[in-house]
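My structure is below; once you've seen it, I'll send some questions.
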Amino acid sequence: MKRLPRGCVNAGGNLASAMEECRREFLSTFRSWGYRPFLPSALQLLESSWDLLPPAVRSRLIAVNTPYGEPCCLRGDITLAAVTYLATHYAPEERPLRICYSDRIYMKPAPPKRALESFQIGAELLGWEGHGADVEMLSLLLSTLDAAGLERTVLVLGDATLLPRALLPVDTPTAEKIASALSRGCLPEYFSLLKGENIPEFYRNILMHIPDLRGGAEILDRGEALWRGESPLSGLRGIVASLTDLGYGGRIIIDLSLARELAYYSGPIFDVYSPDSGRTLGGGGRYDRLLSFCGMEGQAMGFALDLEAMASLSRFRNGRPHLMAWCGNLSPKEALERAGELTGKGMSLEMSWAEGRESSLESAEIRGFSTWTDLSDGTVLDLAGRGNTPC
């Protein structure tokens with residue numbers, strides 16, 4: 001087969017190597033903090049996810065039937081699969097529960113995207129109270145990004161409850177239109193709806209200002225001032241303060257217009273942005289409401305990142321520098337033993353079984369290796385400078 005089905009994705013070469021390195025950094029970091037790996041099924045029952053997803057997301061699910069005749073969809077949301085699994089496999093006294101994953105998701109693309117599938121990494125923390133759990137996850141996320149060379153990424157923090165709270169006096173169909181316009185960034189439509197509806201002046205004033213509430217920590221003061229003494233942003237304020245204490249204050253942007261299509265978010269939410277791309281790498285937030293839908297109580301926090309987007313900006317994107325190790329006149333056993341000594345020191349290499357030295361060198365240069373070594377005499381050749389050094 002010379003081509004993939006339309007919308008499907010293969011990853012190889014330097015990109016696949018970078019994705020694997022980012023995946024390893026992520027899993028290593030989170031597993032060291034008690035997050036257990038989760039491998040979700042590629043199929044989800046439609047009946048299990050349909051009511052939890054908004055119409056815009058439902059329309060993008062890829063529906064299939066199993067050989068047993070059960071209506072399903074290809075996995076479009078790993079959080080749903082994770083919460084369902086945890087709710088049915090663990091007793092309440094076993095919480096909090098921490099899991100991490102790296103897998104594909106499948107959705108009909110929203111223009112201008114064309115891919116049906118994408119690579120995702122993510123983590124979930126269920127059943128823990130207080131903003132300490134939120135800070136734990138966000139600090140581990142930032143640590144993972146730093147390890148991948150993405151120290152310039154920023155967290156854009158908002159609160160999923162702010163907009164619904166301001167829309168309480170608005171009838172449901174109109175409220176949904178207003179929320180949709182804001183989440184899509186269509187501000188002319190958003191302000192037109194606000195002016196054309198019968199909204200109490202107190203709430204209209206809040207809604208008119210929400211799109212402008214973006215900036216540093218001072219935005220929290222401005223946001224709460226609109227509520228005249230109430231403190232709807234206390235949870236978000238605590239998270240910002242703790243992350244600042246941890247040294248991440250310069251990487252936080254407050255955006256109180258941040259919204260989600262998914263209705264199960266119920267508190268602080270966030271997106272991850274890289275200034276090198278200008279687009280989001282992913283995001284997440286609190287989704288306590290989803291737990292109640294699944295018969296669980298308590299707090300939940302999770303996120304998901306686009307692994308391919310992360311890898312393409314990471315320090316691994318050009319491939320790890322490694323050397324070609326030529327066997328020389330050694331037997332396979334001797335060559336592999338000597339090469340094993342190098343890999344045991346943390347080096348990355350590829351074996352060359354070419355019969356002649358020049359043939360091996362030519363292959364190394366064509367394939368872009370920076371260094372070459374003759375395992376039989378222990379010399380290393382810098383292919384850029386053509387200098388010999390002892391191995």
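Of all residues being small (Gly, Ala, Ser), farther than 16 Å from Thr379 by Cα and buried (at least 19 other Cβ atoms within 10 Å of the Cβ) in segment 311-325, which is nearest to the chain's Cα centre (by Cα)? Just the residue, please.
Ranking the qualifying residues of segment 311-325, first place goes to Ala311.
Further question: I'm told Leu163 meets every condition in (1) of a type in the set (A, V, I, L, M, F, W, C); (2) more than 14 Å from Leu258 (Cβ to Cβ); (3) in contact (Cβ under 8 Å) with a residue 60 or more places away in the chain except one. Can you identify the failing condition by its number?
Result: Leu163 passes all but (2).
From (1) out of contact with any helix residue (DSSP H, G or I) (no Cβ under 8 Å at 6 or more places or on another chain); (2) crowded, with 16+ Cβ neighbours inside 10 Å, pick out the condition that doesn't hold for Gly328.
Going through the list (1) out of contact with any helix residue (DSSP H, G or I) (no Cβ under 8 Å at 6 or more places or on another chain); (2) crowded, with 16+ Cβ neighbours inside 10 Å, Gly328 breaks only (1).
Of a type in the set (A, V, I, L, M, F, W, C), outside the structural domain of Ala304 (by TED's automatic domain parsing) and out of contact with any Lys or Arg (no Cβ under 9 Å at 6 or more places or on another chain): is that true of Cys22 in this structure?
no
Table: residues versus (1) under 21 Å from Leu290 (Cα atoms); (2) outside the structural domain of Pro54 (by TED's automatic domain parsing); (3) out of contact with any strand residue (DSSP E or B) (no Cβ under 8 Å at 6 or more places or on another chain).
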{"site": "Arg228", "(1), (2), (3)": "no, yes, yes"}
{"site": "Gly235", "(1), (2), (3)": "yes, yes, no"}
{"site": "Gly238", "(1), (2), (3)": "no, yes, yes"}
{"site": "Ser242", "(1), (2), (3)": "no, yes, yes"}
{"site": "Ile252", "(1), (2), (3)": "no, yes, no"}
{"site": "Ser257", "(1), (2), (3)": "no, yes, no"}
{"site": "Arg260", "(1), (2), (3)": "yes, yes, no"}
{"site": "Tyr265", "(1), (2), (3)": "yes, yes, no"}
{"site": "Phe270", "(1), (2), (3)": "yes, yes, no"}
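Can you name the residue in segment 39-48 that is surrounded by fewer than 20 Cβ atoms within 10 Å (Cβ to Cβ) and either in contact with a Leu (Cβ under 9 Å, 6 or more places away or on another chain) or not charged (D, E, K, R) (or both) and, of all such residues, is farthest from Leu86 (Cα to Cα)?
Leu46
Next up: Picking from Ile178, Ile105, Ile121, which residue would you name as being buried (at least 21 other Cβ atoms within 10 Å of the Cβ), among the β-branched types (Val, Ile, Thr) and over 20 Å from Leu258 (Cβ atoms)?
Only one candidate passes the filter, namely Ile121.
Here's something else I'd like to know. With (1) at pLDDT 90 or above; (2) closer than 30 Å to Ser277 by Cβ; (3) in contact with a strand residue (DSSP E or B) (Cβ under 8 Å, 6 or more places away or on another chain) as the list, and Ala300 as the residue in question, which single condition is left unmet?
So the condition that Ala300 fails would be (1).
Then there is this: Within segment 246-266, track down each residue that is assigned to a loop (DSSP other than H, G, I, E, B) and modelled with pLDDT of 85 or more.
Leu246, Gly247, Tyr248, Leu256, Ser257, Leu258
Within segment 68-76, can one find any residue that is on the phi < 0 side of the Ramachandran plot and in contact with a Cys (Cβ under 8 Å, 6 or more places away or on another chain)?
no
Rundown of residues vs (1) without any contact (Cβ under 8 Å) to a residue 12 or more places away in the chain; (2) within 19 Å of Gly285 (Cα to Cα), yes/no style:
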{"residue": "Ser32", "(1), (2)": "yes, no"}
{"residue": "Tyr35", "(1), (2)": "no, yes"}
{"residue": "Ala42", "(1), (2)": "no, no"}
{"residue": "Leu45", "(1), (2)": "no, no"}
{"residue": "Arg58", "(1), (2)": "yes, no"}
{"residue": "Thr66", "(1), (2)": "no, no"}
{"residue": "Cys72", "(1), (2)": "no, no"}
{"residue": "Thr79", "(1), (2)": "no, yes"}
{"residue": "Thr88", "(1), (2)": "yes, no"}
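Hey, does segment 293-314 have a residue that's closer than 30 Å to Ala91 by Cα and in a helix (DSSP H, G or I)?
Looking through segment 293-314, at least one residue is closer than 30 Å to Ala91 by Cα and in a helix (DSSP H, G or I).
Further, regarding this structure: Name every residue in segment 286-312 that is farther than 19 Å from Tyr106 by Cβ and of a type in the set (Asp, Glu), in order of residue number.
Hits for segment 286-312 are Asp288, Glu297.
Now for a separate question. Being within 30 Å of Thr161 (Cβ to Cβ), in contact (Cβ under 8 Å) with a residue 40 or more places away in the chain and among the aliphatic types (A, V, I, L, M) narrows it down to one residue among Leu307, Leu342; which is it?
Leu307
Any residue in segment 1-19 that is over 23 Å from Ala110 (Cα atoms) sitting within a Cβ distance under 6 Å of a residue that is assigned to a helix (DSSP H, G or I) and among the charged types (D, E, K, R)? List the pairs, counting only those 6 or more apart or interchain.
Listed by first residue and then by second, the contacts come to nothing, as the list is empty.
Now for a different question. Testing Glu224 on (1) surrounded by fewer than 20 Cβ atoms within 10 Å (Cβ to Cβ); (2) in contact (Cβ under 8 Å) with a residue 12 or more places away in the chain, one condition comes back false. Which one is that?
(2)
Okay, next question. Take the residues in segment 124-151 that are part of a loop (DSSP other than H, G, I, E, B) and out of contact with any helix residue (DSSP H, G or I) (no Cβ under 7 Å at 6 or more places or on another chain); name whichever of them is surrounded by the most Cβ atoms within 10 Å (Cβ to Cβ).
Here the residue is Gly127.
Hey, another quick one. I'd like to verify a number: residues in segment 218-245 that are among the small types (Gly, Ala, Ser), under 15 Å from Leu256 (Cα atoms) and in a loop (DSSP other than H, G, I, E, B), how many?
Residues in segment 218-245 being among the small types (Gly, Ala, Ser), under 15 Å from Leu256 (Cα atoms) and in a loop (DSSP other than H, G, I, E, B): 1 in total.
The values are calculated or read from the model by the stated rules, or taken from the named source; none is laboratory data. If you're wondering where the values come from, they're calculated on a predicted model, not measured in any experiment. Neighbour counts run over all protein chains shown; Cβ positions are idealised from the backbone, glycine included.
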